[in-house]
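The structure under discussion appears below in the form of C-alpha cells.
The values are calculated or read from the model by the stated rules, or taken from the named source; none is laboratory data. Values in this document were obtained by computation on a predicted structure and should not be read as measured data. Cβ placement follows ideal geometry from the backbone for every residue including glycine, while neighbour counts extend to all protein chains displayed. Heavy atoms of the whole protein, side chains included, go into the accessibility calculation; ligands, DNA and RNA do not. Shrake-Rupley method; radii C 1.70, N 1.55, O 1.52, S 1.80 Å.
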Amino acid sequence: MARCTALILFVFVIVFTGLLAGAYRLTRPAIEASAREEKMRLINEVLPPGSYDNDLLADALALPATPELGLPDGGQVLRARKQGRPAALVLEAVAPDGYAGAIRLVLAVGADGRLLGVRVTQHKETPGLGDYIDPNKDKNKAHPWIGQFAGLSLADVPASGWRVKKDGGRFDSVAGATVTPRAVVKAVKKALDFAAARGEALYAVSAKEQP
C-alpha cells in the first residue's frame, strides 16, 4: 500500500512539473514581450524616440562593478545611435544616500554630453515629503522637479553648482526635504562625469565582444 501511494505521488509530481513547464513555455514569450514593453516605456521617458534608429535593447553592454554610478554589482548601459553614429547613452545609476535608502535612476546623456532626461525608477522616500523626485508623485505636474536636469551639461553648470540651492547650488528643493534631492543631484553629476570620461569607449565596444 505504501509503495502504491508513493508511486501515485511520484506520478503526480512528474505530471504537475510537466504542466508547469508547459505553461511557462507558453507564457514566456508574452512575459518577455511585456517586460520589453515596460522597459522601453521607461526609456522613452528620458530619450526621445526620434533621436535614435537602432534597437536599443540589442545594443547594450553589461557593466562590471561601477562605483561611479553607485552600482557595486554592475549594471547595463544602452547605446542609442542615429544612422550608425553615437546619439546617447542610457545609464542606470543609484544614489545610495537618500533619506530612506537607495534611490535608483535611469538617465540619458546625449553624445554631446547633454542630459536628455532623468527618471527615478525606485525609492523609499517619505510619501508626501521627499517623493517629489518622482514625476508621478510630484504635485507640480506642469514643471516636475526631476525635469530641471533636462538640457544641462557639465559645461553649463560648474562643479559648485551641482548642489541644491540651500547649499549654494543651482537646483531647487522643497523645504524640509533636502536630503533626497541632494542625493539625486550628486548621483546625476557622477553619471555625467562617467559619460564624459567613458562615453567614447562605451560607444566603440561591440556588444558581441563582451565576455
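Name the residue, out of R79, R182, that is closer than 27 Å to T66 by Cα, in a strand (DSSP E or B) and of a type outside the set (A, V, I, L, M).
That would be R79, the only listed residue that is closer than 27 Å to T66 by Cα, in a strand (DSSP E or B) and of a type outside the set (A, V, I, L, M).
Among the residues of segment 155-172 satisfying the criterion of being in contact with a helix residue (DSSP H, G or I) (Cβ under 7 Å, 6 or more places away or on another chain) and open to solvent by less than 60 Å² (accessible area, probe 1.4 Å), which is nearest to A197 (Cα to Cα)?
Ranking the qualifying residues of segment 155-172, first place goes to W162.
Check off (1) without any contact (Cβ under 8 Å) to a residue 12 or more places away in the chain; (2) buried (at least 20 other Cβ atoms within 10 Å of the Cβ) for A191 and give me the number that stays unchecked.
(1) is the only condition that A191 fails.
If R41 satisfies all but one of (1) under 30 Å from Y132 (Cα atoms); (2) modelled with pLDDT of 90 or more; (3) surrounded by fewer than 10 Cβ atoms within 10 Å (Cβ to Cβ), what's the number of the condition it fails?
Tallying (1) under 30 Å from Y132 (Cα atoms); (2) modelled with pLDDT of 90 or more; (3) surrounded by fewer than 10 Cβ atoms within 10 Å (Cβ to Cβ), R41 fails exactly one: (2).
Go through (1) touching a Lys or Arg at 6+ places or on another chain (Cβ under 9 Å); (2) aliphatic (A, V, I, L, M); (3) at pLDDT 95 or above; (4) farther than 22 Å from P48 by Cα and name the single condition A175 misses.
(3)
Would you mention how many residues in segment 50-65 are open to solvent by 40 Å² or more (accessible area, probe 1.4 Å) and farther than 13 Å from A87 by Cα?
Of the residues in that region, 5 qualify.
Go through (1) in contact with an Asp or Glu (Cβ under 8 Å, 6 or more places away or on another chain); (2) within 16 Å of V46 (Cα to Cα); (3) part of a loop (DSSP other than H, G, I, E, B) for P135 and report which single condition fails.
Of (1) in contact with an Asp or Glu (Cβ under 8 Å, 6 or more places away or on another chain); (2) within 16 Å of V46 (Cα to Cα); (3) part of a loop (DSSP other than H, G, I, E, B), only one is false for P135: (1).
Could you please find all residues in segment 112-136 being open to solvent by 30 Å² or more (accessible area, probe 1.4 Å) and either more than 18 Å from the chain's Cα centre (by Cα) or aromatic (F, W, Y) (or both)?
Listed by number, the residues that qualify are D112, T126, P127, G128, L129.
Does G75 meet the test of being more than 19 Å from A150 (Cα to Cα) and either at pLDDT 95 or above or under 13 Å from the mean Cα position of the chain (by Cα) (or both)?
In short, yes.
Yes/no matrix, rows are residues, columns are (1) closer than 30 Å to S173 by Cβ; (2) at pLDDT 95 or above; (3) basic (K, R):
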site	(1), (2), (3)
A21	no, no, no
S34	no, no, no
P48	yes, no, no
V94	yes, yes, no
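For (1) without any contact (Cβ under 8 Å) to a residue 12 or more places away in the chain; (2) out of contact with any helix residue (DSSP H, G or I) (no Cβ under 8 Å at 6 or more places or on another chain); (3) of a type in the set (D, E, K, R), each residue gets a yes or a no:
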| position | (1), (2), (3) |
| --- | --- |
| R41 | yes, yes, yes |
| P48 | no, yes, no |
| P67 | yes, yes, no |
| P72 | yes, yes, no |
| Q76 | no, yes, no |
| K82 | no, no, yes |
| R85 | no, yes, yes |
| A93 | no, no, no |
| D97 | no, no, yes |
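Quick one: L202 ticks every box in (1) outside any helix (DSSP H, G or I); (2) out of contact with any helix residue (DSSP H, G or I) (no Cβ under 6 Å at 6 or more places or on another chain) except a single one, so which number is it?
L202 satisfies all of (1) outside any helix (DSSP H, G or I); (2) out of contact with any helix residue (DSSP H, G or I) (no Cβ under 6 Å at 6 or more places or on another chain) except (1).
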